[in-house]
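The values are calculated or read from the model by the stated rules, or taken from the named source; none is laboratory data. All figures in this text were calculated on a predicted structure; none of them were measured in a lab. Here the Cβ positions follow ideal geometry from the backbone for every residue, glycine too, while neighbour counts run over all protein chains shown. For the accessible areas, the whole protein counts, side chains as well, though only heavy atoms, and no ligand, DNA or RNA atoms are used. Shrake-Rupley method; radii C 1.70, N 1.55, O 1.52, S 1.80 Å.
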Amino acid sequence: MSWGRLPKPSDMFNIGDTIQVKVLKFDRERERVSLGYKQLLPDPWDTVTERYRKNDIVKGRVVSVTDYGAFVELEEGVEGLVHVSEMTWSKRIKHPSKLVSVGDEVEAMILEVDPANRRISLGMKQIQPNPWDSVAQRYSVGSRVSGKVRNLTDFGAFVEIEDGIDGLIHVSDLSWTKRVKHPSDVLKKGQSVEAIITNIDTANRRLSLSIKDLEPNAWERFFQSHRVGDVVTGKVVRLAGFGVFVELEEGIEGLCHISELSDQRVDRPESVVSVGQVLPFKILKLDESNRKIGLSARAVGKENDPEDVSNYLNNESMTSLGEVARFLRGDKESR
């Protein structure tokens, strides 16, 4: 009856109307004749490329809304599909009905014309400015931004800071000190957070964010506020054959070599200290570049003695990298 959508025949014809039709099929045996009314008019898809071209801006009426998009009638018999991903730059829209309804007049850009398959792809977001084109003018590295956690993955959290602009907080950028195994240990979907922009990649539409950069680097703060010779209090957290690891602050650990546990000879650290024990230690070494802190329990209460530091450095050099590596491997396996 029509090249376009026709809900019911009575919208076009009434009983008693005299009309002209074209015979499409004649079945003598079954005494059936198939007729066509629309065939008397040109098929609009035969010349669709003459009227519609890629990047053209068109207007139309929404005639159907599905889970994956909305069909827009551009003229009788010619419809285009606006996929849900082409409706808005925002990634929050899950269903087309949130933006359009049947009967709405909309404006869109033609993305592709495929007359062979009678398909026209449309985009509504393309007639609006792409927020990524000007993101570098609105934000800069080091800026503080706020947004909501939109999605959590094994490697990080995606935060929407405005419609169409998401930033990624990598799991390693959640905390200076805590060992975060999964972003869900710290964040929840829908949570409002603040973060610092650490990188802007407009070409690849990537924005890197960091929560830990809201606060000074804990290691930098420790090295700035402590000097060799300072006495600090720490908790023994791990034992190794060559000494003990001491937690000085959350996430900040130092190493007390076995030779610095006591003035007496110590063969096994566990014979002198135990995990969880809180003791005072004197700082013998601060290596900021490698984040190493050398400690001594036996030097507490004594005057600074260059010989003690020399002995410590000599003893530390006897602890091979292989020993440390083996200990750390064992520690990881035990955890």
Original post:
To the nearest 500 deg cm²/dmol, what mean residue ellipticity at 222 nm is calculated for the chain from DSSP H runs of n ≥ 4 alone, each contributing -39,500 (n - 2.57), summed and divided by the residues?
Top reply: -3500 deg cm²/dmol
Original post:
Looking at the range 72-224, what % of the alpha carbon pairs are farther apart than 27 Å?
Top reply: 40
Subject >> Where a label projected 7 Å from the Cα of ARG227 along Cα→Cβ would reach, residues of the range 236-253 with amide N under 14 Å >> reply: none
**OP:** For VAL102 and ARG268, compute 0.36 nm times the residue count separating them, minus their Cα-Cα distance, and round to one decimal in nm.
**Re:** 51.9 nm
Original post:
What is the spin-label model distance, in nm, from LYS178 to SER140 if the labels are put 7 Å beyond Cα along the C-beta direction?
Top reply: 3.2
**OP:** Would you kindly state how much longer the chain becomes between GLU76 and ASP185 on full extension, computed as 0.36 nm times their sequence separation minus their alpha carbon distance, in nm to one decimal?
**Re:** 33.7 nm
Subject >> Neighbour cut-off at most 10 other Cβ (10 Å), DSSP loop, trypsin sites (Lys or Arg not before Pro), the range 72-174 >> reply: LYS94
**OP:** Pop out the ³J(HN,Hα) list for the range 56-66 in order, Karplus 6.51 cos²θ - 1.76 cosθ + 1.60 with θ = phi - 60°, rounded to Hz; leave Gly and Pro as x.
**Re:** 5, 9, 10, 10, x, 10, 5, 10, 7, 10, 10
Subject >> Length gained when the stretch ASN151-ASN204 is fully extended (0.36 nm per residue, less Cα-Cα span) >> reply: 17.2 nm
**OP:** Measure nothing but the geometry: give the 0 to 90° angle between the long axis through the Cα atoms of 321-334 and the longest principal axis through the Cα atoms of the chain, rounded to 10°.
**Re:** 60
Original post:
Longest segment of the chain with no GluC sites (Glu not before Pro) in a DSSP loop having at most 12 other Cβ atoms within 10 Å?
Top reply: 32-249
Subject >> Sulfur and carbon atoms: percent of accessible area, the chain [1.4 Å] >> reply: 47
Subject >> All-pairs Cα distance distribution in the range 184-246, expressed in whole percent, bin size 5 Å >> reply: 4, 11, 11, 14, 15, 12, 12, 10, 7, 4, 0
Subject >> Surface per residue (accessible, 1.4 Å probe) for the chain, Å² >> reply: 61
Original post:
For the pair ILE57 and ASP133, what calculated FRET efficiency results from E = 1/(1 + (r/R0)^6), where r is the Cβ-Cβ distance and R0 = 25 Å, to the nearest 0.05?
Top reply: 0.90
Subject >> Paramagnetic reach from SER85 in the range 103-124 [backbone N under 16 Å; point 7 Å along Cα→Cβ] >> reply: 111-112, 121-124
Original post:
Using the alpha-carbon atoms, what tilt in degrees (0 to 90, nearest 10) does helix 306-318 show relative to the longest principal axis of the chain?
Top reply: 50
**OP:** Identify, among PRO183, ILE258, PRO7, the residue whose Cα sits farthest towards the positive end of the charge dipole of the chain, taking +1 on the Cβ of Lys and Arg and -1 on the Cβ of Asp and Glu, with the dipole about the Cα centre.
**Re:** PRO7
